[in-house]
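J.: The structure that follows is given in the form of structure tokens.
The values are calculated or read from the model by the stated rules, or taken from the named source; none is laboratory data. No experiment lies behind these values; they were computed from the predicted model shown. No Cβ is skipped: glycine too gets one built from the backbone with ideal geometry, and neighbour counts run over all protein chains shown. What goes into the accessible areas is simple: the full protein's heavy atoms, side chains included, and nothing from ligands, DNA or RNA. Shrake-Rupley method; radii C 1.70, N 1.55, O 1.52, S 1.80 Å.
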Amino acid sequence: MQSFDAVDPATGKVFAQVHEADDVLVGRAVNAARRALDRGWADTPVQERVALLRRAADGIERRFEDFVAAEVRDTGKPVTQARNLDVARAVLNFRTFADIVAAAGEEAYLTDLSGGRQALNYTVRKPLGVVAVIVPWNLPLLLLTWKIAPALACGNAVVVKPSEETPSTASLLAEVLAEAGAPKGVYNVVHGFGSGSAGQYLTQHHGIDGVTFTGSSDTGAHVMRAVAPRVRPVSFELGGKNAAIVFDDVDVDDALDGLSRSVFTNTGQVCLCTERVYVQRRIFDDIADGLVRRAQALRLSDPWSDDTTTGPLISEKHRHKVLDYLTVAEEAGATVITGGGVPTMGALSGGWWIEPTLWTGLTNKDRAAREEIFGPVAALIPFDTTEEAVTLANDTDYGLAASVWTNDLRRGHDVAQRMRTGISWVNTWFTRELRSPFGGVGLSGIGREGGEHSLHFYTEPTNVCVQL
Ligand code: NAD
């Protein structure tokens, strides 16, 4: 069997070899999932499936530090973030979807018929079947469990393809699910790349009943083409080029705290991160200076140290991409107000480090302000009126998230509702309610997951009509 390197992004050193699944192995995983459904998993009482999710959450908690260690080694992200965000949210994903599925009801309608009789219509939700789950590297365990938890609770069997950059936690989760009592074949993991590898073999396999995918918009388009001949449903959580709008009535310090989190969290590698900051002209310099100060106060250092705030980018290839955009921005006439290159990292200089970078002088016409970069970078652009800000923020092919910063709540509601995005925040960023719909418009995705919206994707409703 072929294998590939697992590389620590903080040092650039290889720390493991990962087996790459070929088409035969992918086929075996899909068949194992099908057999698990046929052996009764699809008909298991909801309470039993929900109990499995709760035991999985307990199992992650018991091995919490193993998951943290695996996530830090795969991604180079700061250990405090892995603990407080990535692994904590994985536990919460299982518990929240256990509650949601346990409480979910069904539709029922009484229909009046001629002659005074009635018919009872009710809906039975059946599992979708074998679900292919393909996820990226930025929040590997968080994004995987966001899909696995509702999929399993609804009675599906899954074949998971984690990113080639971050293989560890998906395999660790297999151990936890087995210990928690998941029947054989309900949760399968295949490792590998996209085209010509496990990702392509999985999406083209005739045995899958649907694909839930998180990743870039380009890959989403590939996946859509791959499933088109067999007309399978897709749920797509794709890229973004998210805007923040900062009005001049705002508490500048509060806004700066939120804005700097929204630009720099996870080294800018969150689909929800802000890469365009529109600032009302009167406070443009205050916001620019404040963001520069916050960028310069970030601690890029050993991910295992508790006071590190910022890790490296995920890979050499990704750093090339971000560095290319630094050149693109400068060629378009951007002024670099902080960062703009590769930092000196001493013992960690073999890793894929990059300086948090802010630009002024760009407009919406420039590529660096239009294309998703997925790094710790943002363009600061001034505006004068609310109408102008709304137009600028919505001037994008993406439509994932936006944030509005203002002390005028009426304006906050108004502007947030006018954002052409799946999610709009007012005076906050990345505050998540797992029961609410999550997804994007335009290039940012198809469909919504979260709460009952996840149940819509992971089940097929059958309407039964009984004449009374
Ligand atoms: P990517 O699209 O390169 O890869 C995502 C996954 O798809 C990986 O597992 C990869 O191996 C697989 N893949 C690649 N080509 C494939 C193919 N042809 N067929 C099947 N599978 C294939 O994305 P990435 O670089 O891993 O992640 C970053 C992207 O993900 C960014 O665009 C980011 O905005 C997006 N993202 C979106 C969300 C969201 O919720 N909307 C969340 C996180 C990340």
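J.: Once the piece of chain linking Val464 and Asp43 is laid out straight, how much longer is it, given 0.36 nm per residue of separation minus the C-alpha distance between them?
T.: 149.8 nm
J.: For Gln118, enumerate residues with amide H under 5 Å from its amide H, sequence gap 5+ or separate chain, H modeled in the peptide plane.
T.: Under 5 Å from the amide H of Gln118: Leu113, Leu468.
J.: Right, another one. Contact order normalised by length for the chain, with contacts defined as Cα pairs under 8 Å and 6 or more residues apart; what percent is it?
T.: 19
J.: Another question, if that's okay. Would you check the accessible area of Val336, probe 1.4 Å, heavy atoms only, in square angstrom rounded to 10?
T.: 50
J.: Also: Checking the a/c ratio against 1.5 first, then a/b against b/c, what shape does the Cα gyration tensor give for the chain?
T.: Note, shape of the chain comes out oblate.
J.: Another one. List the pair-distance distribution P(r) of the range 151-264, using every Cα-Cα distance, as the percent of pairs falling in each 10 Å bin from 0 up to the bin containing the longest distance, rounded to whole percents.
T.: Per 10 Å bin, starting at zero, the Cα-Cα P(r) for the range 151-264 comes out as 11, 33, 26, 16, 12, 2 percent.
J.: If we restrict to alpha carbons, what Rg and Dmax does the range 272-348 come to, in Å?
T.: 14.6, 43
J.: Further question: In nm, what is the difference between 0.36 nm times the number of residues separating Ala16 and Asp253 and their Cα-Cα distance?
T.: Here the answer is 80.9 nm.
J.: Distance between Cα centroids, the range 41-87 to the range 315-369: provide it in whole Å.
T.: When both Cα centres are located, 34 Å separates them.
J.: What nm value, rounded to one decimal, do you get for the distance between Asn84 and Asp408 when each label is placed 7 Å out toward the C-beta?
T.: 3.4
J.: Normalised by the residues of the range 10-109, what does the relative contact order come to in percent, with Cα pairs under 8 Å and at least six apart?
T.: 33
J.: Okay, moving on. With a 10 Å radius around each residue's Cβ, average the other Cβ atoms per peptide and rank 146-158, 46-58, 275-287, highest first.
T.: In decreasing order of mean packing, 146-158, 46-58, 275-287 become 146-158, 275-287, 46-58.
J.: Which three semi-axes in whole Å describe the equivalent ellipsoid of the range 91-139, each the square root of 5 times a Cα gyration tensor eigenvalue, listed largest first?
T.: 39, 15, 8
J.: For the range 1-77, how big is Rg over Rh, using alpha carbon atoms and the Kirkwood form of Rh?
T.: 1.11
J.: For the range 392-400, in order, what is each residue's ³J(HN,Hα) by Karplus, 6.51 cos²θ - 1.76 cosθ + 1.60 with θ = phi - 60°, in whole Hz (x at glycine and Pro)?
T.: Ordered by residue, 3J(HN,Hα) equals 5, 5, 7, 7, 7, 7, 8, x, 8 Hz.
J.: Please list, ordered by chain and number, the residues whose modelled amide H lies under 5 Å from the amide H of Ser163; skip anything fewer than 5 residues away on the same chain.
T.: Placed amide hydrogens put Val135 under 5 Å from Ser163.
J.: Ok, one more. State the volume of the convex hull built on the alpha-carbon positions of the range 353-407, expressed per residue in Å³ and rounded to an integer.
T.: Looking at the range 353-407, the number lands at 115 Å³ per residue.
J.: 5 Å is the cut-off here: which amide hydrogens, built 1.01 Å from N in the peptide plane, fall below it relative to Tyr187, excluding neighbours closer than 5 in sequence?
T.: Val158
J.: Give me a comma-separated list of calculated 3J(HN,Hα) values for the range 249-254, in order, Karplus coefficients 6.51, -1.76, 1.60 applied at θ = phi - 60°, integers in Hz, x for any Gly or Pro.
T.: Working through the residues one at a time gives 8, 6, 6, 4, 5, 4 Hz.
J.: Dimensions of the range 325-468 along principal axes (Cα, Å, largest first)?
T.: Projected onto its principal axes, the Cα set of the range 325-468 covers 76, 45, 27 Å.
J.: Below 28 Å, Cα to Cα, which lysines can Lys13 reach? Residues fewer than 8 away in the same chain don't count.
T.: By straight Cα distance, Lys13 reaches Lys77, Lys161, Lys317, Lys321.
J.: For the range 211-311, take N as its residue count and report Rg(C-alpha) divided by 2.2 N^0.38 Å.
T.: Dividing the Cα Rg of the range 211-311 by 2.2 N^0.38 Å gives 1.45.
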